[in-house]
Amino acid sequence: MRLLALSAVTFVVMAGCGPEAKPGGGANAPAGGGDSHALLNNPAPTFSGASVNGMGSVDLAKWKGKVVFVDFWATWCEPCKKSFPKLQEMNVKYKASGLEIVGISEDDEESGIKEFGEAHGAKFPLLWDKGKAIGEKWSPPNMPSSFIVDKKGVVRFVHLGYHDGDEAKLEQELKSLL
């Protein structure tokens, strides 16, 4: 049983977080941009919780009227290490214009989440999805999976995976909603 669980974890790490992880957009991108996902152009499921990195509490419903970047990630995810500094750059650049960024860790344990954020420059709230209740509603297929929610609470863009240079497209999408 343990071997089966280890094999499943290895598959998820390789398929979901490796270099094969598909970035947002592409020739077959749905209307609204980004990768295909059931939440695209639908209301974002609500969530709330206390940040593990001292950034207060988060309540998606209270952020109506703002553009929200919801990033599902994990401490074991190599592309997440590259995306966090870029997310922080966007946080600094667009926060005054109404952008909120929240990182939701899908790690099995809370330990290491705060340290990961500090090591990779995150000065936006990081939540730990204990029991994966938030992930169950949002269904991120791999790490990272990012969802851009408009001011009315609708998911307008979805990005599965992260590669260097993706931030240009992310910024373009954010600016279209701010």
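Using 7 Å Cα-to-Cβ label points, what is the residue 152/residue 38 separation (nm, one decimal)? With each label point 7 Å from Cα toward Cβ, the separation is 2.3 nm. Under the simplified labelling scheme, the residue 178-residue 50 pair shows an inter-label distance of 3.2 nm, with each label point 7 Å from Cα along Cα→Cβ.
Note that the range 46-57 has calculated 3J(HN,Hα) couplings of 6, 7, 8, x, 8, 5, 8, 10, x, 9, x, 9 Hz, one per residue in order, obtained from phi through the Karplus relation 6.51 cos²θ - 1.76 cosθ + 1.60 (θ = phi - 60°); glycine and proline are x. In terms of the mean number of neighbouring beta-carbon atoms within 10 Å, the peptides 61-68, 84-91 order highest first as 84-91, 61-68. Taking a ≥ b ≥ c as the square roots of the Cα gyration tensor eigenvalues, the range 53-178 comes out rounded, since a/c falls below 1.5. Please say if the range 76-126 is rounded, prolate or oblate, where rounded means a/c under 1.5 for a ≥ b ≥ c the square roots of the C-alpha gyration tensor eigenvalues, and otherwise the choice is prolate for a/b larger than b/c and oblate otherwise? Prolate, because a/c is 1.5 or more and a/b exceeds b/c.
Here residue 61 and residue 119 are evaluated by their C-beta separation; at R0 = 30 Å the FRET efficiency comes out at 0.45. Less than 5 angstrom separates the built amide H of residue 100 from those of 67, 68, 69, all sequence-distant by 5 or more or on a different chain. For the residue pairs 130/151; 82/152; 62/132, the C-alpha atoms sit more than 25 angstrom apart in 130/151; 82/152.
No value in this document is a laboratory result; all are computed from the given coordinates. Fair warning: this is a prediction, and the values are worked out from it, not measured in the lab. Cβ: placed from backbone, ideal geometry, glycine included. Neighbour counts: every protein chain shown.
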